[in-house]
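Data block below; observations after.
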Amino acid sequence: MKLNRDIIVAVVFLIGTTFYFIQALKLPPPFKVGEPGPALFPLILVVIMYTTSLKILIQGLKKEKKFILTGKNIRSPIGAIGLTALYIGVFSIIGYWASTIFYSFCLALFFEYGRKNKKVAVAFSTIIAIAVTFAGYLFFEVVFKIRLPRGGW
C-alpha cells in the first residue's frame with residue numbers, strides 16, 4: 001500500500017476525533033430529561049468527523065499517487081487538531097463568544113491563508129468567524145435554550 005496525503009490526513013483526523021469523542025462522553029447525556037443537553041452537538045460533530053474522515057481514507061486508498069511524508073504536508077491536519085484542542089481547553093474558561101470567534105477565525109485563516117491576497121483571506125476569515133459564532137449562539141441559546149459558557153467576563 002502506498003501512502004498518500006488523503007490517508008495521512010484521514011488517520012490524523014480519526015485519531016483526533018477519537019480523543020474528542022472520549023471527552024464528549026464525559027458530558028451529561030444529550031437527552032437525559034427529554035431535552036437536548038450539552039453533549040448533543042459534540043456527538044453530532046463526532047459522527048460528522050468520523051464519516052468525513054472515513055470517506056477521505058477510502059478515497060486515499062483508491063489513489064495510486066505515491067506520497068512522501070514531510071513536515072510540510074502534515075502541518076495542516078496537526079495544526080487543526082491542535083487548534084481544536086486549544087478551543088476545547090479554553091471554552092469554559094473564557095466563554096463561548098471569545099473562544100469561538102478566536103477558533104473560527106484561526107481555523108478559517110489557517111485554510112484560507114494560501115490565497116495570494118492576504119487581506120482577502122483575513123477579511124473572509126473574519127466574516128466566517130462572526131457567522132459561525134452567531135449561528136452557534138442561535139442554535140444553542142435560542143433554539144435549544146442551552147446556556148453557553150460566559151467565561152470570566
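What is the residue count in the range 17-52 for residues that are in contact with a Gly (Cβ under 9 Å, 6 or more places away or on another chain) and in contact (Cβ under 8 Å) with a residue 60 or more places away in the chain?
Going residue by residue through the range 17-52, those that are in contact with a Gly (Cβ under 9 Å, 6 or more places away or on another chain) are 27-31, 41, 49.
The next check asks that each one be in contact (Cβ under 8 Å) with a residue 60 or more places away in the chain; those that pass are 41.
Qualifying residue count for the region: 1.
Looking for whichever is at pLDDT 90 or above, of a type in the set (Phe, Trp, Tyr) and farther than 17 Å from Ser76 by Cβ here; the options are Phe102, Phe139, Phe144. Which one fits? Walk me through how you get there before you give the answer.
Values: Phe139 fails: at pLDDT 90 or above; Phe144 fails: at pLDDT 90 or above.
Result of the check over Phe102, Phe139, Phe144: Phe102.
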Margin query: Can you confirm whether Ile101 is among the β-branched types (Val, Ile, Thr), in contact (Cβ under 8 Å) with a residue 12 or more places away in the chain and over 18 Å from Ala135 (Cβ atoms)?
Written below: no
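Give Lys118, Lys62, Lys32 a once-over and let me know the one that is exposed (fewer than 13 other Cβ atoms within 10 Å of the Cβ), at pLDDT 75 or above and either outside the structural domain of Thr17 (by TED's automatic domain parsing) or over 25 Å from Val9 (Cα atoms) (or both).
Numbers: Lys62 fails: either outside the structural domain of Thr17 (by TED's automatic domain parsing) or over 25 Å from Val9 (Cα atoms) (or both); Lys32 fails: at pLDDT 75 or above.
Criteria check complete, one pass: Lys118.
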Next item on the list: Kindly indicate whether Ile56 is more than 17 Å from Phe139 (Cβ to Cβ), at pLDDT 75 or above, over 14 Å from the mean Cα position of the chain (by Cα) and hydrophobic (A, V, I, L, M, F, W, C).
Entry: yes
Item checked: Selection from the range 65-99 of residues that are at pLDDT below 75 and surrounded by fewer than 17 Cβ atoms within 10 Å (Cβ to Cβ) -> Lys65, Lys66, Phe67, Ile68, Leu69, Thr70, Gly71, Lys72, Asn73, Ile74, Arg75, Ser76
Check: Does Leu27 count as over 17 Å from the mean Cα position of the chain (by Cα) and of a type in the set (A, V, I, L, M)?
Finding: yes
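The values are calculated or read from the model by the stated rules, or taken from the named source; none is laboratory data. These numbers come from a predicted model, not from an experiment. Cβ: placed from backbone, ideal geometry, glycine included. Neighbour counts: every protein chain shown.
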